[in-house]
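For reference, the structure is listed below as structure tokens.
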């Protein structure tokens, strides 16, 4: 029987490779909206963050998501991400 590979993605803050299920995906949709993508399948440009409050806080202060997604990230996205970590 064939063994399934687990998808690995890199956190944009820590540059650490983790399994996809251990990360949060933040997406800029083609319309320019920014959403959290719990399914990992939303259409648009995405970036991954570790499910850790410290990493989310660091992403907010360094504005790394703003640069990667090329749009201003609203504060409520960071709050939603913190809630998903718990």
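Nothing in this text is a laboratory measurement; each read-out follows from the coordinates by a stated rule. Remember, predicted model here, so these are calculated numbers, not experimental data. All Cβ positions, glycine included, derive from the backbone under ideal geometry; neighbour counts span all protein chains shown.
Can you give me the C-alpha center-to-center distance between the stretch 54-70 and the stretch 16-46, rounded to a whole angstrom?
14
Starting from the Cα of residue 71, move 7 Å in the Cα-to-Cβ direction to define the label point; list residues of the stretch 22-41 whose amide nitrogen is under 11 Å from there.
It comes to 27-36, nothing else.
Expressed as a rounded percentage, what relative contact order does the stretch 8-85 have, with Cα pairs under 8 Å and six or more residues apart?
29
Contact order normalised by length for the stretch 47-86, with contacts defined as Cα pairs under 8 Å and 6 or more residues apart; what percent is it?
51
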